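For reference, the structure is listed below as structure tokens.
The values are calculated or read from the model by the stated rules, or taken from the named source; none is laboratory data. Just so it is clear, the model here is predicted, and its values are computed rather than measured. Here the Cβ positions follow ideal geometry from the backbone for every residue, glycine too, while neighbour counts run over all protein chains shown.
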2 protein chains.
Amino acid sequence: MTRKAVVLLSGGLDSTTTLAIAKEAGFSPYCLSFSYGQRHTAELTCAARVAEKEGAVEHVIAPIDLRLFGGSALTADIPVPKTRSLDEMGEGIPATYVPARNTIFLSFALAWAEVISATDIFIGVNALDYSGYPDCRPEFIDAYQRMANLATKAGVEGTETRIHTPLIAMTKAQIIERGTALGVDYSMTISCYDPIDPDLACGECDACTLRLKGFAQAGLPDPAQYAAPPRQAAV
Amino acid sequence: MTRKAVVLLSGGLDSTTTLAIAKEAGFSPYCLSFSYGQRHTAELTCAARVAEKEGAVEHVIAPIDLRLFGGSALTADIPVPKTRSLDEMGEGIPATYVPARNTIFLSFALAWAEVISATDIFIGVNALDYSGYPDCRPEFIDAYQRMANLATKAGVEGTETRIHTPLIAMTKAQIIERGTALGVDYSMTISCYDPIDPDLACGECDACTLRLKGFAQAGLPDPAQYAAPPRQAAV
């Protein structure tokens, strides 16, 4: 019997690779995305086509509204930082940080997992080539998993829930190499914080900069289309 | 300067008492309720009137839809258990358990707290007179608090978030006595899982049974109106 897993899917490079890894590991993927009041819904379009292409058993887009609270360049009227160097990105937590976002996303994943009797949750967080988000670190994930196993009926009854973070220690180049080896079509994905549409990334935000660096280091062509020409300085 | 606190408010007896305790402790309360696809919205009517009466700085009702996942008598087409004795209630986790509900609620509270620079969150969970919910136990709250302090920018920057559970070790009678001493008007609250309207509880679900027992043990009149006459057996 195939085991079920809930896979958090944003439609970006990382979560799409995570989905491919979950499938490779033999899990039947139940994909979960969020319409959370983000600046653009391009990522939801990408998530839907990735889920279909990768054969998700089910794809749920949960509507939650984090604009209620604001506090982030992704959920409020705060500009997305552009054309920052890697050094600048290394300086603290950026304006694109959404308070408690992964905590909220994982909590919905935990709820769905319990309802469908899945004991595995996949999330594509990355602690190396990351943008300084606290909720992408291994110590956060470990503490989350410990909490999750005390939170649910399944946990009380002795079924352990496991949070899988297959990308957590990989560089962006390694993620792209792994996904490419698994046949991921990265033209379906978008990583941009401020895209023009699902098929046109800005090319200047931190996420675009990190993605472009990753493809360059992997020596692979990035099939994404960019509005601004890739900057050599970022590579 | 008064400190801000996010108070989870369902409009029931426990969360209303918790709000009164937070105010007594000197906090400015930011009340958070959820329209989560529950069977009835009577509790949201009660939450709104309690927030107003108690002088909440702000009251946010966050729309999230846990019917997406179902799995509970409160969010799916599963009957609410009625006329159960306290012994029956003690036998395991009931059908009214909503998978990961408090985990989700606390995650939104954490997000809001970070945005408004509040370091305190109040939740009216109770581990004594409870209905067998795993996410009402002290070990869950401790693990949640530990996770929360690793999840946020505030936590990374050294600000500790505290989850307050003033009712956790109190009996229902003690909760009612404390709230009454603080001037809580319990006629504004509803505790019922299956109410007829905001001012008429069923009188037969576990929540009504526990509330009636609490008032009887405290020797105080319950100002709530009940559709079914209180059962002596439950007291």
query = Of the conditions (1) on the phi < 0 side of the Ramachandran plot; (2) surrounded by fewer than 20 Cβ atoms within 10 Å (Cβ to Cβ); (3) assigned to a loop (DSSP other than H, G, I, E, B), B:Gly183 fails just one. Which one is it?
reply = (1)
B:Glu88 vs. criteria on the phi < 0 side of the Ramachandran plot, assigned to a helix (DSSP H, G or I), more than 7 Å from every other protein chain (Cβ to nearest Cβ) and over 20 Å from the mean Cα position of the chain (by Cα) = yes
task = Quick one: which residue in B:Glu58, B:Glu88 is of a type in the set (Asp, Glu), out of contact with any His (no Cβ under 6 Å at 6 or more places or on another chain), without any contact (Cβ under 8 Å) to a residue 40 or more places away in the chain and over 27 Å from A:Glu114 (Cβ atoms)?
result = B:Glu58
ask   = When you go through (1) in contact with a Ser or Thr (Cβ under 8 Å, 6 or more places away or on another chain); (2) closer than 28 Å to A:Glu88 by Cα one by one for A:Arg137, which number turns out not to apply?
value = (1)
task = Select from region B:184-209 the residues that are of a type in the set (Phe, Trp, Tyr) and modelled with pLDDT of 95 or more and list them in ascending order.
result = B:Tyr186
task = For region B:24-70, enumerate the residues that are part of a loop (DSSP other than H, G, I, E, B), of a type in the set (Val, Ile, Thr) and within 12 Å of chain A (Cβ to nearest Cβ).
result = B:Ile64
remark   = Here the residues within region B:124-167 that are of a type in the set (Asp, Glu) and buried (at least 18 other Cβ atoms within 10 Å of the Cβ) are B:Asp129, B:Asp135
ask   = Looking only at region B:43-71, which residues are crowded, with 20+ Cβ neighbours inside 10 Å, among the small types (Gly, Ala, Ser) and at pLDDT 90 or above?
value = B:Ala47, B:Ala51, B:Ala56, B:Ala62
query = Just for region A:91-123: of the residues that are touching a strand residue (DSSP E or B) at 6+ places or on another chain (Cβ under 7 Å), crowded, with 21+ Cβ neighbours inside 10 Å and part of a loop (DSSP other than H, G, I, E, B), which one is nearest to the other protein chains (Cβ to nearest Cβ)?
reply = A:Ala118
message = For region B:94-111, check the following and say yes or no: at least one residue is out of contact with any helix residue (DSSP H, G or I) (no Cβ under 8 Å at 6 or more places or on another chain) and at pLDDT 90 or above.
response = yes
request  = Considering only residues that are among the hydroxyl-bearing types (Ser, Thr, Tyr) and within 14 Å of the chain's Cα centre (by Cα), look in region B:128-183 and name the one that is modelled with the lowest pLDDT.
outcome  = B:Tyr130
inquiry  = Looking for something of a type in the set (A, V, I, L, M) and closer than 30 Å to A:Ser35 by Cβ - is there at least one such residue anywhere in region B:24-33?
reply    = yes
query = Do you know which residues across region B:29-71 are closer than 23 Å to B:Gly179 by Cβ, among the acidic types (Asp, Glu) and in contact with a Phe, Trp or Tyr (Cβ under 8 Å, 6 or more places away or on another chain)?
reply = B:Glu58
task = Please indicate, with yes or no, whether at least one residue in region B:32-42 is among the polar types (S, T, N, Q), in contact with a strand residue (DSSP E or B) (Cβ under 9 Å, 6 or more places away or on another chain) and surrounded by 17 or more Cβ atoms within 10 Å (Cβ to Cβ).
result = yes
inquiry  = For the list (1) under 15 Å from the mean Cα position of the chain (by Cα); (2) surrounded by fewer than 20 Cβ atoms within 10 Å (Cβ to Cβ), I need the number of the one condition that B:Thr18 fails.
reply    = (2)
request  = Assess whether B:Ser117 counts as being on the phi > 0 side of the Ramachandran plot and either in contact (Cβ under 8 Å) with a residue 24 or more places away in the chain or of a type in the set (Phe, Trp, Tyr) (or both).
outcome  = yes
ask   = Restricting region A:215-235 to residues that are modelled with pLDDT of 65 or more and in a helix (DSSP H, G or I), which is surrounded by the fewest Cβ atoms within 10 Å (Cβ to Cβ)?
value = A:Gln217
request  = Would you confirm whether any residue within region A:197-217 is at negative phi, basic (Lys, Arg) and over 17 Å from the mean Cα position of the chain (by Cα)?
outcome  = yes
note = For region A:146-160 the number of residues that are at positive phi and within 7 Å of another protein chain (Cβ to nearest Cβ) is 0
